[in-house]
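Here is the structure we will look at.
The values are calculated or read from the model by the stated rules, or taken from the named source; none is laboratory data. What you see is a predicted model; the values in this text were computed from it and never measured. A quick note on method: Cβ atoms are made from the backbone with ideal geometry, for glycine too, and the neighbour counts reach across all protein chains shown. What goes into the accessible areas is simple: the full protein's heavy atoms, side chains included, and nothing from ligands, DNA or RNA. Shrake-Rupley method; radii C 1.70, N 1.55, O 1.52, S 1.80 Å.
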Amino acid sequence: MPAISPRTRLATVSALTALGAFASLGTATAAEPALNGEWAPFTRCPVDAPAMLAADGFDRTPQCVVSTSSSGSIKLGKTTVVTGKTNLQIGVVQKADGTSTVVAPASGALVADSATVPGGLLGLMCPSDIPVITSICKTLDDSTLNRITATMESVGAPHAFDQTAGVLTDMPIVALPVRIHLENPLLGSKCYIGTAANPVLLRPENRNYPEFGMSFYRGNGTADEAGEMSRINLTGATQNDSVFSVPAATGCGLNVGLINAAVNAKTGLPSSSGNNSLTLNDTRTYLTGLNAPGTVAPDAGKVLARNWHSAVR
C-alpha cells in the first residue's frame, strides 16, 4: 500500500468506521454527558481506556470516532427489518505503520433505536405443521405476545480495517462480527441468530463518496481556527454489504430451542452469501484528535482525555 499522509489517514479511518453504525438494531444505554461545541457528538469516546491513555503521540496517536445513520435496513434470509437511528462510538489508536487498533467504550460501542420484526411471531413462524407451534400461533392475536424486537450485538472485535477503502467505493472497509437477539415472551431470553463462535460477519462498503469537511477548535470544544484540536466530517455516504452469510437461529423457545426449527424454516435460515444484505443510509461520521500529537509526546493520550473532560458540561 502506498504511503498515506496524516490527514488522509485521519480521513480514511473516519470513513471506514462510519459503516460500523449499522451494527445495532436496538439497545438501551445509560445517560450520556453533554459536551461543549465541537466535542458534542463524542459523548461515549473511551478516552480513559488504558490503550488510549498509553498512546504517546509518536508511534501511537489517539483519536475519537462517532458514526451515525438516520435509517437503514437489513435482510436476513427471507426477512427484512427496517432500522432506525444508529450510533457507533469508538476510540482509535492510529499506529505509525498505518494500521490501527479499535478501542470500544466499556458499555459497548453500539447504540440504536429499537427495530421491530415485521409481522412479529405470526410472520416469523406461522403457519407451521409442528403441533406445538400451531398451538402457539393460535394465541398470537395478542399484540404483546406477537411483537418481536431485534437487537444486533457485537460478539468480537472489529478487524480487517482497510484505510484506503474507507474513502473509496465498492471495497470492504472493515469486518464486524455480530449476532442478532430476537426478543419476545414466547421466544425466551436466549434466541439469537449467530453466536460468538459462529457470528454474522459483516463487511460493508461505501456505495458513494462521502462529503468531506474539517473544523478546528480548542481543547474544551470552542471553535477556533488556531485551536489544538481538529475534527474531520464525512457525511452523506450510503453503505452496503450483500455478500455475508447468516447462520441458523438457536435458543428460541421457553425450553431453549423448542421454536428453532419453525423460526429457521420461515425465515430461510441458515442463509448463504448472496441472499442477505445490509443498507445504511446517510451516514455521518466525525473523527477528532490532536493537530500535532507529537508536540505533547509521550502524553498525547492523557492530553486528549484531559481535553474531553474539560468539555463536559
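Quick look at the values:
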{"read-out": "Calculated FRET value between Ser70 and Asp299, using beta carbons and R₀ = 41 Å, to 0.05", "value": "0.60"}
{"read-out": "Projected label distance in nm at Val132 and Ala96, using a 7 Å step from Cα toward the beta-carbon", "value": "6.1"}
{"read-out": "Projected label distance in nm at Ala226 and Arg147, using a 7 Å step from Cα toward the beta-carbon", "value": "5.6"}
{"read-out": "Longest to shortest principal axis, alpha-carbon extents of the chain, angstrom", "value": "71, 41, 30"}
{"read-out": "Full-stretch length increase - Thr139, Val82 - with 0.36 nm per residue and alpha-carbon distance subtracted", "value": "17.9 nm"}
{"read-out": "Stretch gain in nm, segment Ser242-Ala265, where the contour uses 0.36 nm per residue and the Cα spacing is subtracted", "value": "6.2 nm"}
{"read-out": "Length added when fully stretched, Ser310-Ala40, from 0.36 nm per residue minus Cα-Cα", "value": "96.0 nm"}
{"read-out": "Most to least packed among 84-97, 60-73 [average Cβ atoms within 10 Å]", "value": "60-73, 84-97"}
{"read-out": "Using distinct alpha-carbon pairs, which all enter the 1/r mean, Kirkwood radius of the range 204-286 in Å", "value": "16.5"}
{"read-out": "With Cα atoms, 0 to 90° folded angle of helix 300-310 axis to the chain main axis", "value": "80"}
{"read-out": "Cα centroid separation - the range 138-190 against the range 256-293, whole Å", "value": "5"}
{"read-out": "Computed over the chain: relative contact order in percent, which uses C-alpha pairs under 8 Å that are six or more apart", "value": "25"}
{"read-out": "Given charges at beta-carbon only (K, R positive; D, E negative), |dipole| of the chain in Debye", "value": "300"}
{"read-out": "The chain - accessible surface per residue (Å², probe 1.4 Å)", "value": "42"}
{"read-out": "Cα→Cβ-extended label distance, 7 Å offset, between Ser107 and Asn291, nm", "value": "3.2"}
{"read-out": "Nearest-ten-degree value, helix 6-18 long axis tilted from longest Cα axis of the chain", "value": "20"}
{"read-out": "Rg(Cα) / (2.2 N^0.38 Å) computed for the range 76-173, rounded to two decimals", "value": "1.59"}
{"read-out": "Quotient of C-alpha Rg and 2.2 N^0.38 Å, computed over the range 137-195", "value": "1.70"}
{"read-out": "Computed [θ] at 222 nm, helices only, for the chain once each DSSP H run of length n ≥ 4 contributes -39500 (n - 2.57)", "value": "-4500 deg cm²/dmol"}
{"read-out": "With every protein chain in place, the chain: carbon and sulfur % of accessible area (1.4 Å)", "value": "56"}
